[in-house]
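Read the structure below first, then the notes.
Values in this text are rule-based calculations from the coordinates and carry no lab data. Since the structure is predicted, the reported quantities are computational estimates derived from the model, not experimental observations. Positions of Cβ are generated from backbone atoms using ideal geometry, with glycine treated the same way; all protein chains shown enter the neighbour counts.
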Amino acid sequence: MFSSGVKRELTWIVTTLWALLFFCWLTDWWIEGFVFYLLFYIARQLWSMRKFEKWMEGGTQAAFPPASGLWSELTYLVSRKQRALEKHADLQFYKSEQFKAASMLIPDAIVSLDQQNHIEWFNATSEKILELRRQDVGRKIEGLIRQPQFIEYLKAQSYQKSLTIHSLQGVQRTFRIKIIPYFDNHKLLIVRDITDLYNMAQIRRDFIANASHELRTPLTVLKGYLEAMIDTPGPHQDMWLPALQNMENQSERMQAILEDLLTLSKMESETITAKEVMVDVPGILKKLHTEAEQLSQGQHDFEFAVDDTLLIKGHPEPLKSVFMNLVSNAVRYTPAGGKISVRWYHDAKGAHFAVTDTGIGIAREHIPRLTERFYRVDTARSRATGGTGLGLAIVKHILERYNAKLHVDSLIGKGSTFRCDFPLQRVQVSEAANE
């Protein structure tokens with residue numbers, strides 16, 4: 001019920017009280033005896049308290065103070081708690097040193113920044129890539145890395161995407177910079193040298209672009225001869241006509257693939273330098289409605305719900321490509337008699353372009369890979385409908401340029417919904433909405 005220290009204190013009190021009573025009975029000094037006992041007990045507690053205080057001031061590593069009773073128990077409990085805390089602190093210090101040692105071996109430059117972007121700590125790779133020195137701790141990172149793109153990225157305070165630059169501290173190499181916020185507005189700056197990966201990707205892009213460009217000329221010539229052979233009557237026209245028409249269809253499909261490859265390669269290798277404008281999306285969708293009905297040839301029921309006051313900041317042609325790809329896919333994969341709904345609207349999160357169809361649907365396991373190049377859920381059907389397998393890859397790359405995202409919801413046999421979510425900062429509602 002009681003601790004050993006409390007029991008000792010109670011035993012001492014009971015024993016001394018019995019001795020006091022016996023003394024008072026012998027001398028008949030009852031009042032004087034009890035007053036002396038009370039003063040002695042208070043003095044004893046004050047003496048123990050003073051010893052405990054000196055022990056605490058001198059550090060709990062010193063020997064226990066010469067106290068007994070309650071103060072002895074308190075000393076024991078404090079000492080035990082202190083040992084536990086020291087053990088925990090040693091463990092945390094060991095883990096911290098282990099983390100620092102491991103981070104020193106990471107090939108990426110890692111720099112810890114405080115709320116005002118002062119350097120708190122950096123690893124060994126930062127000394128090579130960023131040319132940091134020990135005396136740089138406490139200095140602002142902007143004064144050491146004077147790259148305009150980096151300073152703009154740092155001040156933007158929007159770190160969802162990384163920054164790729166082709167020169168850093170006078171070194172002509174390609175680096176990917178990522179800032180990760182953590183712990184009370186602190187930041188972790190990570191710089192990775194991706195020169196080799198970038199060069200390999202560039203070689204791949206150049207090969208695809210050059211091969212596609214070189215194939216356009218012979219394919220155009222081949223297609224021209226096929227058209228001439230189809231249009232020129234001959235003795236065995238009925239026998240050769242189906243084969244020639246099939247060859248012409250396949251040449252048109254090859255030409256569409258080459259055009260999409262060139263578009264995708266151009267998007268990956270070039271940066272859009274044209275100034276962004278407020279794009280008249282309602283006007284684009286009005287024309288798209290007509291083109292979709294022509295593509296459908298009257299086989300589908302279209303519903304366009306467009307907010308005529310909603311504009312988006314960007315470039316007209318890439319955005320038109322996004323909208324057309326999604327609508328044409330809906331036409332291509334929706335059986336005759338199906339319904340296709342197109343919506344352009346906004347809410348508190350931003351602007352949204354959604355295409356919903358009653359088509360064949362997509363299995364859940366295929367959805368994460370839809371934006372991969374040439375990935376097809378149904379290869380035979382895609383080829384039959386004229387798909388190139390690059391449409392959604394193009395959509396993904398264009399949306400990434402505008403910090404937008406593509407979301408796909410689908411059920412087999414029920415249909416699909418493809419939705420593009422544009423960030424709120426790109427949205428503008430025209431004055432007509434307020435009239």
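What distance in nm lies between label points placed 7 Å from Cα along the C-beta direction at residue 171 and residue 308?
The modelled label-to-label distance comes out at 5.8 nm.
If you rank 24, 420 by fewest surrounding Cβ atoms within 10 Å, what's the result?
In increasing order of surrounding Cβ atoms, one gets 24, 420.
Any idea what the relative contact order of region 199-269 is, in percent, if you count C-alpha pairs under 8 Å spaced at least 6 apart? Spell out each step's value before the answer.
On the way: 35 pairs, mean separation 40.6, N = 71.
So the answer I get is 57 percent.
At a 10 Å Cβ-Cβ cut-off, how would you order 35, 395, 78, fewest neighbours first?
Arranged by neighbour count, lowest to highest, 35, 395, 78 become 35, 78, 395.
Treat each spin label as a single point 7 Å out from the Cα along the C-beta direction, and report the residue 25 to residue 78 distance in nm.
Roughly 4.0 nm, to one decimal.
Output the 0 to 90 degree angle, nearest 10, between the alpha-carbon long axis of helix 316-332 and the longest principal axis computed from the alpha carbons of the chain.
80
When only Cα pairs under 8 Å and 6 or more residues apart are kept, what is the percent relative contact order across region 74-192?
Numbers: 155 pairs, mean separation 27.4, N = 119.
Computed over region 74-192, the figure is 23 percent.
Could you work out the relative contact order of region 144-239? I mean the mean sequence separation of Cα pairs under 8 Å and 6+ apart, divided by the number of residues, in percent.
14
Just to be sure I understand the model, the point goes 7 Å from the Cα along the line to the Cβ. What's the resulting residue 405 to residue 118 distance in nm?
Taking the simple label geometry, residue 405 and residue 118 are separated by 3.6 nm.
Over all distinct alpha-carbon pairs, what is the Kirkwood Rh of region 277-434 in angstrom? Intermediate values should be presented prior to the final figure.
On the way: mean 1/r = 0.0628 Å⁻¹.
Hydrodynamic radius (Kirkwood, Cα only) of region 277-434 equals 15.9 Å.
As I understand it, the value is the acute angle between the Cα axis of helix 237-269 and the longest principal axis of the Cα atoms of the chain; what does it come to in degrees, rounded to 10?
With rounding to tens, the tilt is 40 degrees.
Please compute the alpha carbon radius of gyration of the chain, then divide it by the globular-protein estimate 2.2 N^0.38 Å. Two decimals is fine.
1.77
By how many degrees, 0 to 90 and rounded to 10, does the Cα axis of helix 70-104 deviate from the longest principal axis of the chain?
Taking the Cα atoms of the chain, the angle to 70-104 is about 30 degrees.
Which value in deg cm²/dmol, rounded to the nearest 500, describes the helix-derived mean residue ellipticity at 222 nm for the chain, given -39,500 (n - 2.57) per DSSP H run of n ≥ 4 and division by the residue count?
-17500 deg cm²/dmol
For region 334-367 and region 165-234, compute the distance between their C-alpha centroids and round to whole Å.
Here the two parts' Cα centres lie 29 Å apart.
Test of understanding: in a Gaussian network model of the chain with alpha carbons linked when under 10 Å, which of 278, 56, 200 would top the mean-square fluctuation ranking?
56
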